[in-house]
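For reference, the structure is listed below as structure tokens.
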Amino acid sequence: MPLGFAIVGCGMIARFHARAIGELPEARLVALVSRNPAHAEAVMEAGGVRCPVFSDVREMLKRPEVDVVVVCTPSGAHLEPAVAAAEAGRHVVVEKPLEITLERCDRMIEACDRNGVRLCTIFPSRFADANMVLKRAVESGRFGRLTLGETTCKWWRPQSYYDEGGWKGTLALDGGGALMNQAIHNVDLLLWMMGPVRSLAGFTAMLAHERIEVEDTAVACLRFANGALGVIQAATSIYPGLPKTIALHGDKGSVVVEQEDVLKWEFTPETEEDRRIRERFAQKVGASGGASNPAAISHEYHRRQLADFVEAIHTHRPPLVDGREGRRAVEVILAIYRSAQTGRVVEL
């Protein structure tokens, strides 16, 4: 019997979840929670289904066919529906960021642990083929001593993006700007590849927008626990928006990934697999990945991540990206904000 999924919050990202759920034979969309009928209608259309629409989470949780609750509310409103779902014995999927403070992240993780349900943080970039191949190279020691990790998210959002969203660009519900909302995917990838951060220093600024409470431009320098150094660049202030990148370097190799394209893959000693990887990723896919348009992303990696979550539920294992993994990126971003505010290096 397919698992019944309910989506709470029917903004743009909920449509990606609906499409992903619709392509999983082990899942079906059985309920929505939204105060906006038009938004709920758009999500049902995206998923190719009809299902009941509720205005209250607790009413939806009375439905026995709901097994999994997907939280797609504004970032600073993830905690309450997630905890309600956990306390009702439902598994929980939460869009990034997990939450906007560590205290709220911890309350969500504790509620899911206490009620014996699985918790997943949505970081679909981990499921892209190029990033999975890169992760295997790290785990197999191909880089030798890791020395430097870099990631960039040099994106563009017009003023209208912040003006029309209501909650976008606010500290109370967005929790931050280019780092917390857009580049958090890059931050997660960098931590996944390089390991935990020991200390960092950061600068943030609001340079190209008005009437927002958060940064549209940020940089940070990191020292990882393994001794390597790192750099993060994040922006929604860079016209026309460039593809995101991650680059790893060591004393035995270098890899540069732009969006889903491998631009450089070089190791010593060279292997036959290295040649095959370069050939496999030689064709540029040309995807914008949301660089200038937040809707211009594929739902394929959402589908892959939700497929992993369904399997985790059935096999009683943790999902590949659980709540604690989601918390790590939030911790680093909040530390960058603290460094920018105090002008000091922050130890983690």
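Here, each number is a calculation from the coordinates, and none is a lab measurement. Being a predicted model, the structure only gives us computed values, none of them experimental. Neighbour counts run over all protein chains shown; Cβ positions are idealised from the backbone, glycine included.
Semi-axes of the equivalent ellipsoid of region 209-348: what are they in whole Å, largest first, if each equals the square root of 5 times a C-alpha gyration tensor eigenvalue? Can you show the working numbers first?
Values: eigenvalues 153, 101, 87 Å².
In descending order the semi-axes read 28, 23, 21 Å.
Each part gets one Cα centre, and for region 154-185 versus region 222-282 those centres are 26 Å apart. Taking 0.36 nm per residue of sequence separation and removing the Cα-Cα distance, the Met12/Glu347 pair yields an extension gain of 117.0 nm.
Straightening the chain between Arg276 and Glu87 buys 63.2 nm, computed as 0.36 nm per residue apart minus the Cα-Cα spacing.
At a Förster distance of 35 Å, what's the computed FRET efficiency of Glu41 paired with Ala225, Cβ-Cβ distance as r, to 0.05? Each step should come with its number before you reach the end.
Working: r = 48 Å, r/R0 = 1.37.
Step by step, r from the Cβ atoms, then E = 0.15.
Normalised by 2.2 N^0.38 Å, where N counts its residues, the alpha-carbon radius of gyration of the chain equals 0.98. Separation of region 105-126 and region 307-348, taken as the distance between their Cα centroids, equals 10 angstrom.
Taking the Cα centre of region 3-117 as the origin, how large is its charge dipole in debye, to the nearest 20, when only Lys and Arg (+1) and Asp and Glu (-1) carry charge on their Cβ atoms?
On the way: 13 positive and 16 negative charges, 50 e Å.
For this selection, approximately 240 debye.
So which GluC sites (Glu not before Pro) in region 153-226 pass both tests, a DSSP loop state and at most 14 other Cβ atoms within 10 Å of the Cβ?
Working: sites: Glu164, Glu210, Glu213, Glu215; in loops: Glu210, Glu213, Glu215.
Those that pass, being in a loop and sparsely packed, are Glu210, Glu213.
Average projected area of the Cα convex hull of region 189-284, in nm²? Please list the in-between numbers first.
Working: hull surface 31.4 nm².
For region 189-284, the mean projected area of the Cα convex hull comes to 7.9 nm².
Residue-normalised convex hull volume from the C-alpha trace of region 3-117: 85 Å³ per residue. Only Cα pairs under 8 Å and 6+ residues apart enter the sum, and on that basis the relative contact order of the chain stands at 19 percent. Apply the membrane-span-like helix rule to the chain: whole DSSP H runs, Cα extent along the own long axis of at least 27 Å, mean Kyte-Doolittle hydropathy at least -0.5. List the helices found. Counting only whole DSSP H runs, the qualifying helices are 323-342.
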